[in-house]
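**Student:** Below are the structure tokens for one structure; questions will follow.
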Amino acid sequence: RDSQQADIQHLSRWKKWKRTSNKSLKKILSEVKGLSSYLVLWRHDIHSIEGKFGTGIQSYFFFLRFLVLLNFVIFILMFSFVTLPTIISKYGIFNSTIVKISPKDIADNCTIYEPSGNKGLVYFYAYIKDLLSGTGFLEMTSLFYGYYTADAVWISIMRYNLPLAYLLATFAYLALSLVWIIKRSVEGFKQNLVHDADQFQSYCNKVFAGWDFCITDPNAARMKHRSLLCELQTDLQEEKLKQKIAERTMKEKLRIYSLRIFINIIVIAILSGCFYSIYRVTVFSQENSNVSIRNDRFSQGCNANSQANLVVQYLPSMVITLANFIGPLIFSFLITFEDYTPAFEIKLTLMRCVFVRLANIGVLLFSLWSQISDCGTDKCKPCGYNYKLYPCWESDVGQEMYKLMIFDFIIILAVPLFVDFPRKLLVTHCSCKPVQWLGRQEFGISDNVLEIIYGQTICWIGTFFSPLLPAIATIKYFIIFYIKKISLIHTCKPAARPLRASSSNFFFLVVLLIGLILAFIPVGVSIARIPSSKACGPFRNFNTSWEVVPDTVLEFPTVLQQILFGMASEAFAVPFFMI
């Protein structure tokens, strides 16, 4: 310090002021960073969960918080660039107007779109039905694609190209999700790499560098103790299993591998049954619900037909939810016979369940597309798609994604309330052996993570067809956090096999990344391959949604056009994506 003070005396006034300013700025930034940590969402709740249940369960709640923030950012993006300009222009705010250009060279019957709105005397039941199915009064709100029927928006003297903004906002939210997930995955991958490098090094890190010396509160110290204890328990259990695997005889290995092959054949049979059921139910639902809607348009009320129509509309969601519920239960039961380590057991169960859930969405969309593009007996000759059954097919797909999200949320609410809570009461107050053997419900990390990854994949696919779906997802995950927290503390017990946070965080993000990549496929096919609706939406004057891009490029100067078309050519694009 004396040496530094001596050096400062020889400095000029400017350098002294600069050094003092840098010091003050660093101090201010440090204090702001410390204060901002108190603004982090659910900071205290997550620390409390870590202390009581370990870092494995804490990683699930970290993951849930990440998805809340991601969906909120996606909602802000879609609302700012798509919904807000449309609402402003519809109500004439800031001297704004909507520009609508009549479609050219299109048959008149392709442009007819009459949403099944409620007419005449409307019963309260009809509003509940509409709220659950996305039809009726909700169909022509800003929630769905059909609301954004505009070719451009004039705000004062500025022309806003709504079709281009809609497409670019879609690309932006997918790109943002990809970059954000990869960034978080890299951090988890580095931790995972360090941990897997040497087990002894990992143990030394916990013993000699695991304690947080900033802790001064006794409660926080107890929580940290428990957290370290859970980590050490996990390490010891994994080492014990590895030792057991190393001591297996050839006969035992042969028995286990034969059993694993047999179990995988059963898994494939279950998956095939799920996919076929969803395909048949979706085709039946689409063919019958559209007929029922036309019949109900003039007969509103709480009658048997309306109830049956709601059930028919929800059939795909019900079958998918049933498959998602039964599939993981069977897989969790089967994997106990395969004799894997706890970490690998969770990963394999997750991958099987991921395949069921995400492939179920894929089968649903494939079934819808087969109906939309069903051109038998010249059904879609004038328009390029089945316009009689789907005058605005994008809104219909949006409604299916909306129903999946709502039904998924209802199931997540219902299971703790009607299954976990009564089970806990039985275990607490009934001493009979079968009930005590059943015990309290375990908080299965893989099942809970899969629930929210499934919901997030629905959101990514559905946002193109329903721009405000991320807002619903944000509210849904916000409520789920408190439901899962209450369920964990009061009705469930931690898993018998503890889970390490470093590996689970990374793996959760990898599975989420798989969900995002799978979401690219249906959104990409809808944009580039399927003809856009001619009766609704911002792309009704284009053959496909993608055509708005080359159409906009043609308005640029010739030199810029040549550069952009050169970048889009295979000669440039293929090496670029490979790199």
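The values are calculated or read from the model by the stated rules, or taken from the named source; none is laboratory data. Source: prediction; values computed, not measured. Counting neighbours? That spans all protein chains shown, and the Cβs are built from the backbone with ideal geometry, glycine included. Please note that ligands, DNA and RNA were not included when accessible areas were found on the heavy atoms of the full protein model with its side chains. Shrake-Rupley method; radii C 1.70, N 1.55, O 1.52, S 1.80 Å.
**Student:** Determine the order of 369, 393 by accessible area, beginning with the largest, at a probe radius of 1.4 Å.
**Tutor:** 369, 393
**Student:** Sticking with this one: What does the charge count near residue 448 come to, summing +1 for each Lys or Arg and -1 for each Asp or Glu among other residues with Cβ under 11 Å from its Cβ?
**Tutor:** It works out to a net charge of -2.
**Student:** Would you mind counting up the charge near residue 414? Only other residues with Cβ under 12 Å from its Cβ, with Lys and Arg at +1 and Asp and Glu at -1. Don't skip to the answer; put the middle values down first.
**Tutor:** Working: positive: none; negative: 408, 420.
Neighbour charge sum, excluding residue 414 itself: -2.
**Student:** Within straight cross-link reach of residue 388, meaning Cα distance under 19 Å, which aspartates and glutamates are found once same-chain residues fewer than 8 apart are removed?
**Tutor:** Candidates past the 8-residue exclusion: 105, 108, 114, 139, 287, 296, 374, 378, 396, 400.
**Student:** How would you classify segment 497-579 from its alpha-carbon gyration tensor, with a ≥ b ≥ c the square roots of the eigenvalues: rounded for a/c under 1.5, else prolate if a/b is greater than b/c, otherwise oblate?
**Tutor:** oblate
**Student:** If DNA, RNA and ligands are ignored and the probe is 1.4 Å, what is the ranking of 510, 312, 419 by accessible area, most exposed first?
**Tutor:** Per-residue accessible area, sorted high to low, gives 419, 510, 312.
**Student:** What are the lysines whose alpha-carbon lies under 27 Å from the alpha-carbon of residue 251, with same-chain residues fewer than 8 places away excluded?
**Tutor:** 240, 242, 347
**Student:** Right, next: What is the distance, in nm, between label points placed 7 Å from the Cα along the Cα-to-Cβ direction at residue 576 and at residue 552?
**Tutor:** 1.5 nm
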